[in-house]
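Here's the structure we're looking at; comments come further down.
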Amino acid sequence: MKTILLTGFEPFGGEQINPSWEAVKRFNAIKVDGYTIVIAQLSCTFMQAGNELEQLIEQYQPSIVLNIGQAAGRNTISIEKVAINWIDARIPDNNGNQPVDATIISGVPDGYFSNLPLKGIMGRLNASGIPCSISYTAGTFVCNYVFYRLMHKINRENLAITGGFIHIPLLPNQAVNNLTQPSMSLETVVQGINLILQEIIQPSEYVPTSSGTIC
Ligand code: PCA
């Protein structure tokens, strides 16, 4: 049976929870369309998180890898397009490291594109009433780092993996501590992840339309 690797992160930045892990936990040992889902929580630390991900890929040989992370301030499920070979940490990671202006791996490409069916995912979620957009920056912290390590491994080793990164908003019970932050309920996020997996497994025929990004 084929495997889907679904990862979320541990809490960081003073939060008690990370919505990505709260959502990913719901998929423990679930089967979807002939795939078994394996879930894992990644550390919110440079280096360690990337090593954990590589180890999981080697152990489970997944054909789909979806890394999910929290992005405060986002008001949609954001399907990331680009992983960049750069770190510029705004806050320390969970090991207290805060690299600034550093390449992730030297001498390799500046960036990679996700190979998820981005527009199909966006179309399917929005048609189901779940706000979803394509994002052209995954930031310069641990999420972009893990996304870069994933895409670098897929490309360098020519792996048959459909993989990419999804950022999700805060949960309502996190946003009450800062009322200017948008939020999305856990149920909506979980439904969104289900639809993302369905779109990856059986892509719909979508008519290309712009994601609406200007500039
Ligand atoms: N979000 C952070 C790292 C872990 C997470 O959930 C980020 O966007 O980089």
(request) Could you please find all residues in the range 113-135 being part of a helix (DSSP H, G or I) and open to solvent by less than 30 Å² (accessible area, probe 1.4 Å)? (result) Leu118, Gly120, Ile121, Met122, Leu125
(message) Going through Gly69, Gly34, Gly14 one at a time, which residue ends up being in contact with a strand residue (DSSP E or B) (Cβ under 8 Å, 6 or more places away or on another chain), more than 12 Å from the ligand (Cβ to nearest atom) and either more than 28 Å from Thr213 (Cβ to Cβ) or not hydrophobic (A, V, I, L, M, F, W, C) (or both)?
(response) Gly34
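Is one or more of the residues making up the range 136-145 among the small types (Gly, Ala, Ser) and either away from the ligand (no atom under 14 Å from the Cβ) or assigned to a helix (DSSP H, G or I) (or both)?
Initially, the range 136-145 is screened for residues among the small types (Gly, Ala, Ser), giving 138-139.
Cutting the leftovers down to either away from the ligand (no atom under 14 Å from the Cβ) or assigned to a helix (DSSP H, G or I) (or both) gives us none.
Taking every residue of the range 136-145 in turn, none turns out to be among the small types (Gly, Ala, Ser) and either away from the ligand (no atom under 14 Å from the Cβ) or assigned to a helix (DSSP H, G or I) (or both).
Considering only the range 1-112, give the strands (runs of 3 or more DSSP E) lying wholly within it that have at least 2 residues that are without any contact (Cβ under 8 Å) to a residue 60 or more places away in the chain and either in contact with a Pro (Cβ under 8 Å, 6 or more places away or on another chain) or open to solvent by 20 Å² or more (accessible area, probe 1.4 Å) (or both).
Details: elements: 2-9, 35-42, 64-70, 77-80, 82-84.
Where strands (runs of 3 or more DSSP E) fall fully within the range 1-112 and carry at least 2 residues being without any contact (Cβ under 8 Å) to a residue 60 or more places away in the chain and either in contact with a Pro (Cβ under 8 Å, 6 or more places away or on another chain) or open to solvent by 20 Å² or more (accessible area, probe 1.4 Å) (or both), they are 35-42.
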(request) Among the residues of the range 146-179, write down those that are in a helix (DSSP H, G or I) and either over 16 Å from Ala49 (Cβ atoms) or open to solvent by 10 Å² or more (accessible area, probe 1.4 Å) (or both). (result) Arg149, His152, Ile154, Asn155, Arg156, Pro172, Asn173, Gln174, Ala175
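The values are calculated or read from the model by the stated rules, or taken from the named source; none is laboratory data. This one's a predicted model, so the numbers in the text were calculated from it and none came from an experiment. So basically every Cβ, Gly included, is an ideal-geometry build from the backbone, and we count neighbours across all protein chains shown. SASA here: full protein model, heavy atoms, side chains in, ligands and nucleic acids out. Shrake-Rupley method; radii C 1.70, N 1.55, O 1.52, S 1.80 Å.
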